[in-house]
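Here is the structure we will look at, set down as structure tokens.
Coordinate-derived values only; no laboratory data. Source: prediction; values computed, not measured. Neighbour counts run over all protein chains shown; Cβ positions are idealised from the backbone, glycine included.
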Amino acid sequence: MKGTDSSKSTQCDQILAHLSAGKPITPLQALNEYGCMRLGARIYDLRKTGYTINSQKIEVTDRDGKKCFVAEYSMPRQLTPDAQDERDDFNELYAGRGCTCFQVAPCTFCTHEGNPVNQAEDETAWVGGDV
Ligand SMILES: [Zn+2]
């Protein structure tokens, strides 16, 4: 049985999973991928539950070749608990210190797993990323 409420919360879950993976979403994508007709309302629901969701207007070209603006929603990516631990270690060890590659290359600063620069490129460090 498929009531309005359950499909509403399923859509919220799907959209939340999409956003948590660090991917932005537009109303058209929400419709195509999740059958969600009212993305704005679902975003409103998620924000009400306490999630931080950014929105911005992006320019798109419609099927007649005309430019128009649509809302695009995104969430800041979240580190996985393991990656967050490594980040915490890193901050504790290296906070405020630059790398020392001029002495030994590459230095432990550069190669440390919690280095934000390394984590930014490591999909497995982020919730919803490819593991
Ligand atoms: Zn270095």
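Across all directions, the average projected area of the convex hull around the alpha carbons of the chain is 12.0 nm².
Among the trypsin sites (Lys or Arg not before Pro) within segment 54-131, those in coil by DSSP and having at most 16 neighbouring Cβ atoms inside 10 Å are 63, 66, 97. Per-residue Karplus couplings for segment 106-120, computed as 6.51 cos²θ - 1.76 cosθ + 1.60 with θ equal to phi - 60°, are listed in order as x, 7, 5, 4, 5, 9, 4, 5, x, 4, x, 5, 5, 5, 4 Hz, Gly and Pro entered as x.
Mean sequence separation of contacting Cα pairs (under 8 Å, at least six apart), scaled by the length of the chain, corresponds to a relative contact order of 23 percent. Its residue count N fixes a reference of 2.2 N^0.38 Å for segment 1-69, and the Cα radius of gyration divided by that reference is 1.20. May I ask you to derive the FRET efficiency for residue 103 and residue 78 from their Cβ-Cβ distance with R0 = 30 Å, giving the value to the nearest 0.05? Efficiency computed from Cβ-Cβ geometry: 0.30. Between segment 65-131 and segment 18-45, the C-alpha centres lie 25 angstrom from each other. Taken about its Cα centre, the chain carries a charge dipole of roughly 900 debye when the Cβ of each Lys and Arg holds +1 and the Cβ of each Asp and Glu holds -1.
Normalised by the number of residues in segment 4-74, the mean separation of alpha-carbon contacts (under 8 Å, six or more apart) gives a relative contact order of 31 percent.
With the helix formula -39500 (n - 2.57) applied to DSSP H stretches of n ≥ 4, the chain reaches a computed 222 nm mean residue ellipticity of -13000 deg cm²/dmol.
Spatially close Lys pairs in the chain, defined by Cα atoms under 25 Å apart and a spacing of eight or more places or different chains, total 10.
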